[in-house]
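One structure is given below, encoded as structure tokens.
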Amino acid sequence: MRAAAVPAGYPQFFAGGEGARVRDVDGRSYIDFMCSWGPIILGHRHAEVEAAARAQLDAGDCLDGPTEHAVVLAEKLVATILHADWALFQKNGSDAMTTCVTLARAGTGRRKVLVARGAYHGAVPWCSPSLIGVTAEDRAHLLHFTYNDISSLDAAVAEAGEDLAAIVVSAFRHDLGVRQELPTRAFAQAARAHCDRLNAALVLDDVRAGFRLNLGGSWENVGVRPDLAGYSKAIANGWPLAAVTGNARFRAAGEQVFVTGSFWYGGAPMAAAVKVIEILERENGPARLEAAGKRFAEGVTGSAARHGFEVSLSGPPAIPLMQFNDDPDVRLGEALCREALARGVYLHNKHNMFLSLAHTDSVIDEALDAIDKAFAALARNRTAVA
């Protein structure tokens, strides 16, 4: 088994992490711009978070029912996320988004679910990007639109008709290998208006972006609130946890549906999540992450230009996708990643990257110095790469 989505030659197994760095099993250390593919928002092994989780681990984690942290965390989420009147907990983003769809269908009594073409909402049959092992019946009631394209959304809504249960939207467009797009205010308002008019659920997939863009919910930035939202990744700084938040309209559905998992209500990850949110509030997390992302983007594009390349970073500054402007087969991107890896910086050429609060100015500047040397090496070997 090997991770298929990283450039050739990347390490497959890791021994540890600390702050903004990870260490592979061969003892090599890297400044980490993937943050475990999103979960690490404060830095690896953040002391306060680890202490909170450890205290519950020492008392017991998987018990006959939830610990008090389930109540404390639910109350914390409701107080923090502006659309939320209640919360349910799971383990993975796939769990959370599947629960959102189940709740939307239960609350509306309808079947059709609209999703954007190319969007990723989990690794389960109703939405998996792979069709291997998936039947047509698994997706019989799934319809598609194009993200940020209102006319496409209108057409999909019309096709669903009176059977529309939900419109599912990502916090921003982050399809693999495709330039990222923030939602336009007009698109977000159109989705909200369709759901209001047809009494359907607007479901926000905040699994990837949650808490990095806005603690109140990522679509607060465009002035639109969902009915249901799925969270995971950064919610507990690497401890396994996911959550669904919903408004009062879908509370009854949340009380009636059967959704569960053997490990969903472990106490330690919930204790970690409470502490994570407290720290993000205290540190003004989204603003710090945005500033760090802008510093990183300016440095990367500046280095590229100095060495004769054009590179753009799309999406939110805290969750950037780095692409060469003229690199149709992504050879330059992969070559740069390998050069950076050799100099102690872990980047990605197709998937969006992530920043954490451990990416301080000094850490970013250290990474940028290595990336500048990587661009210089790439410039020397450009003909061979092309």
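The values are calculated or read from the model by the stated rules, or taken from the named source; none is laboratory data. Keep in mind that this is a model prediction, so the values were computed, not measured. Virtual Cβ from ideal backbone geometry, glycine too; neighbours counted across all protein chains shown.
Just one of the numbered conditions (1) more than 22 Å from Val22 (Cβ to Cβ); (2) touching a Cys at 6+ places or on another chain (Cβ under 8 Å) is not true of Ser312: (2).
Which residues, counting only those in region 177-199, are charged (D, E, K, R), under 17 Å from Leu213 (Cβ atoms) and either in contact with an Asp or Glu (Cβ under 9 Å, 6 or more places away or on another chain) or surrounded by 16 or more Cβ atoms within 10 Å (Cβ to Cβ) (or both)? Show your work before the answer.
In the first step, residues of region 177-199 are kept if they are charged (D, E, K, R); the result is 179, 181, 185, 192, 196-197.
In the following step, the residues that additionally are under 17 Å from Leu213 (Cβ atoms) were identified as 181, 185.
Within region 177-199, just Glu181 meets the criteria.
Here Ala209 fulfils each of the conditions (1) touching a Gly at 6+ places or on another chain (Cβ under 8 Å); (2) crowded, with 24+ Cβ neighbours inside 10 Å; (3) not in a strand (DSSP E or B) apart from (1).
Scanning region 212-233 for residues that are in a strand (DSSP E or B) and either in contact with a helix residue (DSSP H, G or I) (Cβ under 7 Å, 6 or more places away or on another chain) or over 26 Å from Arg110 (Cβ atoms) (or both) gives Leu228, Gly230, Tyr231. Filtering region 10-58 to residues that are aromatic (Phe, Trp, Tyr) and not in a strand (DSSP E or B) leaves Tyr10, Phe13, Phe33, Trp37. Considering only region 325-341, I want to know if a residue exists there that is outside the structural domain of Arg208 (by TED's automatic domain parsing) and in a strand (DSSP E or B). No: zero hits.
Considering only residues in region 82-119 that are assigned to a loop (DSSP other than H, G, I, E, B) and among the small types (Gly, Ala, Ser), the one that is surrounded by the most Cβ atoms within 10 Å (Cβ to Cβ) turns out to be Ala84. So, Phe375, is that one out of contact with any strand residue (DSSP E or B) (no Cβ under 8 Å at 6 or more places or on another chain), aromatic (Phe, Trp, Tyr) and either more than 21 Å from Leu176 (Cα to Cα) or in the same structural domain as Asp24 (by TED's automatic domain parsing) (or both) or not? Yes; evaluated as a whole, the condition is true for this residue.
Scanning region 58-77 for residues that are surrounded by 15 or more Cβ atoms within 10 Å (Cβ to Cβ) and within 30 Å of Ala20 (Cα to Cα) gives Asp61, His69, Ala70, Leu73, Ala74, Lys76, Leu77.
If you filter region 315-345 down to residues that are closer than 26 Å to Gly17 by Cα and among the charged types (D, E, K, R), you find that the one that is nearest to the chain's Cα centre (by Cα) is Glu334.
Return yes when Asp95 is in the same structural domain as Ala243 (by TED's automatic domain parsing), under 20 Å from Leu204 (Cβ atoms) and either of a type in the set (Asp, Glu) or at pLDDT below 95 (or both) and no when it is not. Yes, satisfied.
Among the residues of region 291-313, the ones that are surrounded by 17 or more Cβ atoms within 10 Å (Cβ to Cβ), in contact (Cβ under 8 Å) with a residue 60 or more places away in the chain and assigned to a helix (DSSP H, G or I) come to 8 in all.
Please go through region 341-386 and give me each residue that is more than 13 Å from His307 (Cβ to Cβ) and free of Cβ contacts under 8 Å to residues at least 40 places away in the same chain, ordered by number. Those that are more than 13 Å from His307 (Cβ to Cβ) and free of Cβ contacts under 8 Å to residues at least 40 places away in the same chain: Ala342, Arg343, Ser362, Asp369, Thr383, Ala384.
Within 30 Å of Leu153 (Cβ to Cβ), crowded, with 24+ Cβ neighbours inside 10 Å and assigned by TED's automatic domain parsing to the domain that holds Asp163, is that true of Pro269? Taking the combined requirement at face value, the residue does not satisfy it. Answer with yes or no whether Met322 is of a type in the set (A, V, I, L, M), outside the structural domain of Arg208 (by TED's automatic domain parsing), crowded, with 22+ Cβ neighbours inside 10 Å and in contact with a Leu (Cβ under 6 Å, 6 or more places away or on another chain). So Met322 fits the description; yes. If the condition is being part of a loop (DSSP other than H, G, I, E, B) and within 18 Å of Lys112 (Cα to Cα), then region 192-206 contributes Asn199, Ala200.
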